[in-house]
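Input: a single structure, listed below in structure tokens.
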Amino acid sequence: MTAGAEPTLRIPTMAQLLSVLAEAAELEHGVMCGYLYAAFGLRTDPAGGLPPRQAEGYGAGAMS
């Protein structure tokens, strides 16, 4: 095996393959839920929940 090469994963039975694929799907689903939570948690309105003084500088701070 050369440096940087990934090891070969051998899965001998269909049942084991399905188990590995199900585990990978669960992992991907969990990661995507985290991404969606973060994306929809971002503010889209500069004044959304900010004190007035902070809301004034929101647009200027985002551009610098």
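Determine which member of the set 25, 47, 39 is modelled with pLDDT under 70 and open to solvent by less than 80 Å² (accessible area, probe 1.4 Å).
Just a single option satisfies the conditions, and that option is 47.
Scan region 19-37 and report the pairs whose first residue is part of a helix (DSSP H, G or I) and whose second residue is modelled with pLDDT under 95, with Cβ atoms within less than 9 Å and a gap of 6+ or a chain change.
Correct list of pairs: 19/11; 20/9; 20/11.
The values are calculated or read from the model by the stated rules, or taken from the named source; none is laboratory data. The model shown is predicted, which means the values in this text are computed figures rather than measured ones. Here the Cβ is made from the backbone with ideal geometry for all residues, glycine too, and neighbour counts use every protein chain on show. Ligands, DNA and RNA are excluded from the accessible area calculation, which covers all protein heavy atoms including side chains. Shrake-Rupley method; radii C 1.70, N 1.55, O 1.52, S 1.80 Å.
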